[in-house]
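Working notes, beginning with the structure itself.
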Amino acid sequence: MIRATKVQGQHRWTHAAADTVVLDFDDRHRRRMAMTGTRGLEFLLDLENAIALRGGDALVLEDGRLIEVVAAPEPLVEIRGADPLHLVRVAWHLGNRHLPTQIMPKGLRIRRDHVIEAMVTGLGARIIEIEAPFDPEGGAYAAAHAHAEDHVHDHGGHDHSSHDHAAHGHSHHDHDHHEHGHHDDHGHSSDHHHHDEHCGHDHHHGHSHAHDHK
């Protein structure tokens with residue numbers, strides 16, 4: 001099986017990609033695993049060290065062909081504060097729990113977690129359920145995650161991750177935002193849902209499969 005041994009950074013490549021892999025946050029933090037592109041190209045990701053891949057990166061095959069990395073939409077919560085200082089306070093609590101967090105212009109994004117959501121609403125923030133690619137800040141968590149992946153592979157760990165990407169619909173979303181929810185006694189909304197306008201992309205493909213490789 002042909003290997004992908006290098007990574008070219010976000011949109012820093014100009015040649016057309018031979019195939020595309022659609023990966024969620026966990027599958028974008030691997031060192032060695034078998035992958036199948038949306039067009040059927042099978043290859044082995046075989047990096048020297050685990051790298052946090054981002055949407056727009058390209059995996060470089062041994063023969064020079066490129067495989068584009070697309071970040072798959074996944075269930076997230078977007079947190080909105082009353083003002084920037086309020087949002088910073090919430091961010092401190094998230095950081096204190098070492099939660100992967102994506103910083104947005106007007107809010108914070110985390111993966112769905114009912115316990116954390118209750119904490120956030122208890123701090124007076126508003127939460128909105130969305131589906132969007134998750135691209136959190138790096139730092140200590142990314143380093144710890146990479147170390148854990150290396151430890152698993154070095155000891156022959158075997159982990160199959162299957163994701164029904166088709167259920168997310170990778171075609172571009174043209175519909176308007178929609179929200180459904182209720183307000184608590186303090187007037188804070190705690191159960192909204194909408195599809196993020198950025199979770200769609202113009203790649204014409206189905207879904208890819210990724211499996212950990214011994």
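Modelled label positions at A16 and K106, each set 7 Å beyond Cα in the direction of Cβ, lie 3.9 nm from each other. If you sort the three axes of the alpha carbon gyration tensor as a ≥ b ≥ c, you get a/c of 1.5 or more for the range 31-83 and a/b above b/c, which makes it prolate.
Annotation: extensible slack from W92 through H114 equals 6.1 nm (criterion: 0.36 nm per residue apart, minus Cα-Cα distance).
Computed from the coordinates by the stated procedures, all read-outs in this text should not be read as laboratory data. Values in this document were obtained by computation on a predicted structure and should not be read as measured data. All Cβ positions, glycine included, derive from the backbone under ideal geometry; neighbour counts span all protein chains shown.
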